[in-house]
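Peer 1: The following block contains the structure, expressed as structure tokens.
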Amino acid sequence: MRSNYLLVAAAVLMAGCTATKKNDSKEPSIATLGTEPISTSEFQYVYEKNNAGNEDAYTRESVTDYLNLYTNFKLKVKEAESRGLDTTTAFKRELEGYKEQLAQPYLSEKSVTDQLVKQAYDRLSQEINASHILLTLQPEAAPEDTLAAYNKAIELRQRALNGEDFGKLAQSFSQDPSAAENKGNLGYFTSMQMVYPFEDAAYKTPEGQISMPVRTRFGYHLIKVHSKRQARGEVKVAHIMVRSTPGMPKADSLAAKQRIDAIYKRLQRNENWDKLATEFSEDANSAQNGGELPWFGTGRMIPNFEDAAFALTKEGEIAKPLATPYGWHIIKLIDKRGLPPFEDMEQNLRNKIAKDSRSELNRTAFLKRIKAENNFTEDATAKTAALSKANADLLQGKWSFDANDKGLNQTLFTIQGKPYTVNSFYTFVKEQQRPRATGTPAYAMSTLYDAYVDKSLVEYEKANLENKYTDYRMLVKEYHDGILLFQLMDEKVWSKAVEDSVGLKAYFEQNKEKYKWGPRVQATVISAANKELLSKAQQQLATRRYPVKSANLPDVLFEQNKADLTKDATLKLNEFAQLLKDNPALSLDVNGHADAREATAKENISDLRTQRIVKYLTEEGVPANQIKASALGKTKQAGPDNTETGRRRNRRASFILYSSDVSALADNLNANNPLDVQITEKKFQKGENKVVDAVNWEKGTHTLQQNGREYLVIISEVLEPAYKQLNETRGLVISDYQNHLEQQWVSQLRQKYPVNVNETEVEKLVRK
């Protein structure tokens, strides 16, 4: 409820009622609350945000009404602040969480994101077939290792340009484990399927050419682009699979082939696809759904599976069996679709880009901008001295520094004149260091320095967002006020109205004229698909006792010649008792059974059993009128095998559950079609039901036809206008009582903090 309130109710209660600074004494005030002024500019900002599109905006009535609402809102916030609700740890924690979320759009480069989203979408219309050679390299590798890998990549590229086969070079030198089998060939791929630097280079490299070395987090790549084609879009297929994996015994492999061929022949005879998929497909994830797979495009499946799927052209067309490393497949085409419009994909692409490697481009551009905007200045001498303290301990994650070093107070850099010292940088290094398997201490220290600069810039920017961006400042204040308002409104209005039963009842009694029934009838309305069903419903309605067919109550078993309840029996009966007590409309038939071999007693054993059960249920609090007992006597035959198990099944009590609710009758009549019969039994007001309104409001039975349905309306009582009981309109009364409490509270606040409106300033906002 709270998050919704902050996002929605704050809008209703003057969303954007926001200004962080107190009104400057020189700035005109449109109103004062006690001694606190509300500036005209603050109110104008809020008013325009919430009323700019309204037809009556800027009329005197509109401005005056909104100012009244706004001052009420500000009074509540002022009261919350006066009580110190904005100083609690819980409040501060909650507000900081919202500020973190609100800050995110301001901590990125929107123009860069927009370009990346459009680029990704444009590239999705094209697919690339390429091979690559990978020379692995850690992201934090030392400069000398990076240079060595780059030079090796340049050497291999030159060999390929001189005529050596790229695939063979990949087999020999690529450190991608799959290259030994596929010669570095990646098949077709499209945008968002590779890390961004790799994708970018592939799309920029012409067909038949080899890229320059490309650095990704995996290392250096050489990319040879074989071909480019228009994207094939996406396809939806179903498949039937028989498992057959490389290396399995030849006999098993042959059996799998014979099995898939047999299934294919049955499909050619037009046997039902879904049944065959359910029965024979060994893909457990899809077999029960007719073998249906999610939509997929290029690069999402095994290449030959993809090719076979996209080769199908007609809905329902079935491909011949094909083999993949997972087994044999028969594929059926369900549907195909092209690339969706940009508007449909934009948000999904933005979400992906936020998590994709290309987001680094955004971050780099953002850091470059805020460096310039915040006058980042670096002391090169101090930086060199600070970085020189790196040693081998840093590579082990054990580096430390001398807290008495006089150089710790030196300034490394400033952001808008704010100094960042060597001491704060070294503290960051101690916290962030970790063991490194590669690189040098100097390179590790330099990397940590860059990270410290980036972190400091972002933190400085975050801390100054409210001063830099009016919209952000307003949003933060809106959430600030919304949290406070929620806490106080809950205490003063919402929870109080629900919990104050005495006050609620008193309010209801004082305002009974607001809560009256108009003319009503107590009626039963039966709607049926035809006259036969209507007649059947009318006949059964009179019994007021309808079997609950959805209930499948278990039997209670007894030992031979015994009526004692076992532990298992009492557990079942406890459940029955609770069910009956919770719903007075339910009743239970208890039927006693006896085996023909049970000895004759003074009293029939089945009678004893039903009596014992009825006694137990009534002792558990079930009203006697909800239980009906009968003994069905002895069963002569235990079962086909006449076993002891069969005989014991006959030494039991069985149960049938009934309901007096007409919904149970409707369920029984709708066994073949859930829309055959609908039955409603209640008090109806005018305008509530068109069928009831169409008949004369007199006691008796009325029939009519509407919209192809047969209707029976049975009016049992015509009710005159009357006062409602509290339980009949509790929700509305609570809502009205909440409004009453809020009005009382606002009146008290206006006495505590008198509101004075500056009509001259109001007049300045009125335009018509």
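Peer 1: Straight-line reach from Lys752: which aspartates and glutamates have Cα under 19 Å away, leaving out those fewer than 8 places along the same chain?
Peer 2: Filter leaves Glu36, Glu79, Glu81, Glu491, Glu742.
Peer 1: With an 8 Å cut-off on Cα pairs and a minimum separation of 6 or more residues, tell me the relative contact order of the chain in percent.
Peer 2: Once normalised by length, the contact order is 16 percent.
Peer 1: Okay, next question. Determine the sum of side-chain charges near Pro213: Lys and Arg each +1, Asp and Glu each -1, restricted to other residues whose C-beta is under 12 angstrom from that of Pro213.
Peer 2: In short, +2.
Peer 1: Taking 0.36 nm per intervening residue step and subtracting the Cα-Cα distance, what contour gain separates Glu532 from Gln347 on full extension?
Peer 2: 61.1 nm
Peer 1: Here is a further query. Taking the Cα centre of the chain as the origin and placing charges on Cβ (Lys, Arg +1; Asp, Glu -1), which of Ser191, Ile133, Leu333 is farthest toward the positive end of the dipole?
Peer 2: Final value for the positive-end residue is Leu333.
Peer 1: Could you point to the residue in Asn758, Phe305, Leu704 farthest towards the positive end of the chain's charge dipole, with +1 and -1 charges on the Cβ of Lys/Arg and Asp/Glu respectively?
Peer 2: Towards the positive end, the residue furthest out is Phe305.
Peer 1: Another question, if that's okay. Can you give the FRET efficiency for Asp261 and Asn707, using 1/(1 + (r/R0)^6), R0 = 56 Å, r = Cβ-Cβ distance, to the nearest 0.05?
Peer 2: Step by step, r from the Cβ atoms, then E = 0.55.
Peer 1: Starting from the Cα-Cα distance between Gln539 and Gln432, subtract it from 0.36 nm times their residue separation and give me the gain in nm to one decimal.
Peer 2: 30.4 nm
Peer 1: Just grab the label-to-label distance for Glu100 and Ile656, each label 7 Å out from Cα along the Cβ direction, in nm (one decimal).
Peer 2: Each label point lies 7 Å from its Cα, and together they span 6.3 nm.
Peer 1: Given a cut-off of under 8 Å on Cα pairs at least six residues apart, what relative contact order in percent is computed for region 24-151?
Peer 2: 9 percent
Peer 1: What are the lysines whose alpha-carbon lies under 22 Å from the alpha-carbon of Lys462, with same-chain residues fewer than 8 places away excluded?
Peer 2: Counting by Cα, and skipping residues close in sequence, Lys462 has these lysines nearby: Lys21, Lys22, Lys92, Lys99, Lys110, Lys355, Lys368, Lys371, Lys418, Lys477.
Peer 1: Place a +1 charge on the Cβ of each Lys and Arg in the chain and a -1 charge on the Cβ of each Asp and Glu, then give the dipole magnitude about the Cα centre in debye, rounded to the nearest 20.
Peer 2: Its charge dipole is roughly 1380 debye.
Peer 1: Another one. Could you name the lysines whose alpha carbon sits less than 24 Å from that of Lys572, not counting residues in the same chain fewer than 8 places away?
Peer 2: Once the sequence-local lysines are set aside, what remains near Lys572 is Lys549, Lys562, Lys581, Lys615, Lys628, Lys634.
Peer 1: Using a simple spin-label model with points 7 Å from Cα along the Cα→Cβ vector, what separation in nm is obtained for Glu27 and His226?
Peer 2: Simple spin-label model gives 6.7 nm for this pair.
Peer 1: Points 7 angstrom from Cα along the Cβ direction at Lys455 and Ala372: gap in nanometres?
Peer 2: For the pair Lys455/Ala372, the computed spacing is 2.7 nm.
Peer 1: If eta is 0.692 mPa s and T is 37 °C, what Stokes-Einstein diffusion coefficient results for region 374-466, Kirkwood Rh from Cα pairs, in µm²/s?
Peer 2: 239 µm²/s
Peer 1: Here's another thing I want to ask about it. Rounded to the nearest 0.05, what FRET efficiency do Ala722 and Glu61 give with R0 = 35 Å and r taken as the Cβ-Cβ distance? Could you check?
Peer 2: The formula returns an efficiency of 0.30 here.
Peer 1: Sticking with this structure for a sec: Beyond a 29 Å Cα-Cα separation, which of these cross-linked pairs lie in this structure: Lys168/Lys257; Lys224/Lys352; Lys49/Lys505; Lys236/Lys320?
Peer 2: As for pairs spanning more than 29 Å Cα to Cα, those are Lys168/Lys257; Lys49/Lys505.
Peer 1: Does anything in region 70-103 have its amide N under 13 Å from the 7 Å Cα→Cβ label point of Gln751, and if so which residues?
Peer 2: none
Peer 1: If you don't mind, there's one more thing I want to ask. Add +1 for every Lys or Arg and -1 for every Asp or Glu among the other residues with Cβ under 11 Å from the Cβ of Asn129, and state the total.
Peer 2: Counting the neighbours of Asn129, the net charge comes to +1.
Peer 1: Assigning unit charges at the beta carbon (Lys, Arg +1; Asp, Glu -1) and nothing else, what dipole magnitude in debye, to the nearest 20, does region 125-230 show about its Cα centre?
Peer 2: Charge dipole, region 125-230, about its Cα centre: 240 debye, nearest 20.
Peer 1: Of Leu395, Thr421, Gln410, whose Cα points farthest to the positive end of the dipole of region 374-466 (charges on the beta-carbon: +1 Lys, Arg; -1 Asp, Glu; origin at the Cα centre)?
Peer 2: Leu395
Peer 1: Pull out the extension gain between Glu279 and Glu688, defined as 0.36 nm times the separation in residues minus the alpha carbon to alpha carbon distance; nm, one decimal.
Peer 2: Length difference between fully extended and current span is 142.1 nm.
Since every read-out is calculated from the coordinates, none of them should be taken as a lab result. Here the structure is a predicted model, which means the values were calculated and not measured. No Cβ is skipped: glycine too gets one built from the backbone with ideal geometry, and neighbour counts run over all protein chains shown.
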